1. List, please: which pairs have Cβ atoms under 9 Å, are six or more places apart or on different chains, and start with a residue in the stretch 52-79 that is surrounded by 10 or more Cβ atoms within 10 Å (Cβ to Cβ) and end with one that is part of a loop (DSSP other than H, G, I, E, B)?
2. Considering only residues that are surrounded by 10 or more Cβ atoms within 10 Å (Cβ to Cβ) and not in a helix (DSSP H, G or I), which ones fall in the stretch 1-18?
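A short reminder: the numbers here are calculations on the coordinates, not readings from a lab. Remember, it's a predicted structure, so these values are computed and weren't measured experimentally. No Cβ is skipped: glycine too gets one built from the backbone with ideal geometry, and neighbour counts run over all protein chains shown.
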């Protein structure tokens, strides 16, 4: 009985060391994956910030006016536009 216990102990120690090494390898691999995903997320966030800034610039009144004048557009006179006023009850009325 003592021999069996000694044999099991002699086999269990290398087995546990092997499992510990395998777990460390898995942890290291996952850590590298997380670091790569965090770097990608940072790049996407920076790109998103740039796109938001570009959108704000392109939709500014000065930029819209410059593009419209480059296309030969002119601003319509106030008398040529019709504005609809909608009150809270949902009724619409035209005014000039």
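1. 65/75; 67/73; 68/74; 68/75
2. Selection gives nothing.
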